[in-house]
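Take a look at the structure below.
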Amino acid sequence: MIGVGIDLVDVQRFRNVLQRREEISARLFTDNELAYCRSSIDPSERMAARFAAKEAVMKALGVGLGNVRFREIEVTKDSSGRPSLTLHGTAAQLAADTGVRRWHLSLSHTSTVAEALVIAE
């Protein structure tokens, strides 16, 4: 194991940020992530979980905000529907340099809190 990251996001607080700064979702999420999230009645819950995942990835890599762009960390789904990660650009290079060969991701959310746990292997 190379690293572990966990993050919690207050859904209402995240929802407020999305409403106040409409352009922020395009800075944080890929087009595929936005399409998936917006297919839900309340996209902010799914967005909060994905934001938590991105923060957890940075923690697992041992880097802080600003070292990679949020859009370089993409939450995807495998063929069974299980959430997984795809890294791009600087994030992918950093993971390769650190020796990460596999990611494990668990997401959970309610109407009030979203959580992500990431293991870099």
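The values are calculated or read from the model by the stated rules, or taken from the named source; none is laboratory data. Computed from a predicted structure; not experimentally measured. Cβ sites come from the backbone with ideal geometry, for glycine too, and all protein chains shown count toward neighbours.
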Options ALA26, ALA52, ALA48: the member that is closer than 13 Å to SER106 by Cα and of a type outside the set (Val, Ile, Thr): ALA52
Filter segment 41-55 down to the residues that are over 9 Å from ILE73 (Cα atoms), small (Gly, Ala, Ser) and modelled with pLDDT of 95 or more, then identify the one that is surrounded by the fewest Cβ atoms within 10 Å (Cβ to Cβ). ALA49
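Does GLY89 fit the bill of being farther than 16 Å from CYS37 by Cβ and either of a type outside the set (Lys, Arg) or buried (at least 17 other Cβ atoms within 10 Å of the Cβ) (or both)?
Yes: the conditions hold for GLY89.
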Kindly indicate which of GLY3, GLY89 is touching a residue at least 24 places away in the same chain (Cβ under 8 Å) and not β-branched (Val, Ile, Thr). GLY3
Could you figure out which of (1) of a type outside the set (Val, Ile, Thr); (2) in contact with a strand residue (DSSP E or B) (Cβ under 8 Å, 6 or more places away or on another chain); (3) surrounded by fewer than 12 Cβ atoms within 10 Å (Cβ to Cβ) isn't true of MET58? (3)
Going through (1) in contact with an Asp or Glu (Cβ under 7 Å, 6 or more places away or on another chain); (2) closer than 21 Å to MET1 by Cα; (3) surrounded by 14 or more Cβ atoms within 10 Å (Cβ to Cβ) one by one, GLU33 fails only at (2)
In the set VAL68, VAL100, VAL75, the lone residue that is within 21 Å of SER25 (Cβ to Cβ) and either more than 14 Å from the chain's Cα centre (by Cα) or without any contact (Cβ under 8 Å) to a residue 40 or more places away in the chain (or both) is VAL68
